1. Just the Kirkwood number for the chain, please: inverse of mean 1/r across all distinct Cα pairs, in Å, one decimal.
2. Summarise the long-distance tail of P(r) for the range 104-174 by giving the % of C-alpha pairs beyond 19 Å.
3. Grab the Cα-Cα distance for residue 14 and residue 191, subtract it from 0.36 nm times how many residues apart they are, and report the gain in nm with one decimal.
4. Through the Karplus equation 6.51 cos²θ - 1.76 cosθ + 1.60, θ set to phi - 60°, convert the phi angles of the range 70-76 into ³J(HN,Hα) values in whole Hz; use x for Gly and Pro.
5. Work out the charge dipole of the chain with +1 on the Cβ of Lys and Arg and -1 on the Cβ of Asp and Glu about the Cα centre, then indicate which of 206, 162, 353 is farthest towards its positive end.
6. How far apart, in nm, are the 7 Å Cα→Cβ label points at residue 407 and residue 103?
7. Using the beta-carbon distance between residue 113 and residue 274 and R0 = 51 Å, what value does 1/(1 + (r/R0)^6) give for FRET efficiency, to the nearest 0.05?
8. Given a cut-off of under 8 Å on Cα pairs at least six residues apart, what relative contact order in percent is computed for the range 160-264?
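What follows is calculated from the coordinates using simple rules that are stated; it is not laboratory data. Everything quoted here is computed from the prediction, not taken from an experiment. Glycine gets a Cβ as well: all are built from the backbone with ideal geometry, and neighbour counts include every protein chain shown.
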Amino acid sequence: MQTILITNANLVNEGSSRPADVFIKNGRIEKVASSLTNQAADTVIDAMGKALLPGMIDCHVHCRDPGLEAKADLHSETRAAVAGGVTSIMEMPNTKPAAITNAVLEDKFALAATKCVANYSFHLGASNSNMDELLAMDPKTVCGVKLFMGASTGGLLVDRAQQLEDIFSQVKVPISLHCEDTNTIRKNEKDAREKYGEAIPFSEHWKIRSEEACYRSTALAVELATKYNSQIHVLHLTTAKELGLFKAGPVEGKKITGEACPHMLWFSSDDYDRKGALIKCNPSIKTPADRSALREAVKSGLIDTIGTDHAPHLWEEKQNPYGSAPSGLPLIQSAMPTAVELFPLEMVAEKTAHNPARIFQCLERGFIREGYWADLTLIDTETPHTVSKDNILYKCGWSPFEGVTFKSSIAATLVNGQLAYIDGQVNDAVRGQRLLFDR
Ligand code: DOR
Ligand code: ZN
């Protein structure tokens, strides 16, 4: 395996930034020092003027593989991931068949080994009746459990009260939660249908998938987690009101953590008239005031991670009317640029890499440390890029960010010391590894 020397980087890691060189050997970070110019290497990358961050560990990705490959697959979406500076993904179980047994999960791991350009793990999905599977899961080789406490794409809803109690009390790995109260949503949907018939405007989405629906479900999750001391990670927070259920402070010692997603940090209810189905997702994008509160919560530490909820659907499907346009947006290629736009680089590293690694106890990833895997993202903070059809790598070929100019660009991405992306090109020969967990 080739050795790589990165020189003159602005190394952004563990709360500080400093000039440094990094030497990579056997896929790992061999040495970090202020100067390594005497070090021989097969490849030298001059990173002058660029920021070197630990690669993003995206704990919330839908790749549609297996079963829904017309929308996306593990190869296409991990190509987009590395082009966006993401080096590891934790994928979701609403594939076909749904990943609610360990046997199906292992089939996904086998598929990923042949297809993923980034490192990977897969959540085991909770259902109303798979407690035995959840308890049989190997905590050292599987990232965690995904629990839909509200119905969304794929129909993996857990709504049996006893099953919820069992999951919160017995599962010992992180439980990633989709929180929306389905009864509240159904009632709002019925009201909207009475008012608009089938011609519900997309601008109603945030009132149907409402603040109350989110708050009720998140409050229940926090109540159950507090009762049973479970470790929960509440995904895609969308409202200021829910933030009152979270505590600021370092992830270490917290059992209840939260995620913000790029689309909720960027768009607001003001954008539905312009973007329509392209920003329809569950939970919904809420008001400008909610967006401001989410941005502040990332800064204050009420929100711990940025994950994408990358959820590609076909352009043609998104042309449907409100009732049949699927929820979810492709996002993974623009998450790091969005974060760099909104937050200081040290905070970006913390929310996209350090904290995901801490919450999921990733083994030897998420930090730029000697001995750790060389999962790295080199960001050119001086060269803007505009999202357009020419540079979108998603299989579905569109992005809600089309036309947006970000002030930074991803210059290079290394996965286990391999150059997976550089100069605008993905190295298709690179394959990621299965993530391991120190628990
Ligand atoms: O908008 C969403 N899309 N929310 C989800 O919960 C699922 C996701 C998808 O898989 O399309
Ligand atoms: Zn999701």
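1. Taking every pair of different Cα atoms in the chain, averaging 1/r and inverting gives 21.6 Å.
2. Numbers: 939 of 2485 pairs.
Pairs farther apart than 19 Å: 38 percent.
3. Numbers: separation 177, 0.36 × 177 = 63.72 nm, distance 4.91 nm.
So the extension gain works out to 58.8 nm.
4. So the J values, rounded to whole Hz, are 5, 7, 5, 8, 5, 6, 4.
5. Looking along the dipole axis, the top candidate is 162.
6. Using points 7 Å along Cα→Cβ, the separation is 5.4 nm.
7. Working: r = 41 Å, r/R0 = 0.81.
Efficiency at R0 = 51 Å is approximately 0.80.
8. Working: 116 pairs, mean separation 33.6, N = 105.
Reported relative contact order: 32 percent.
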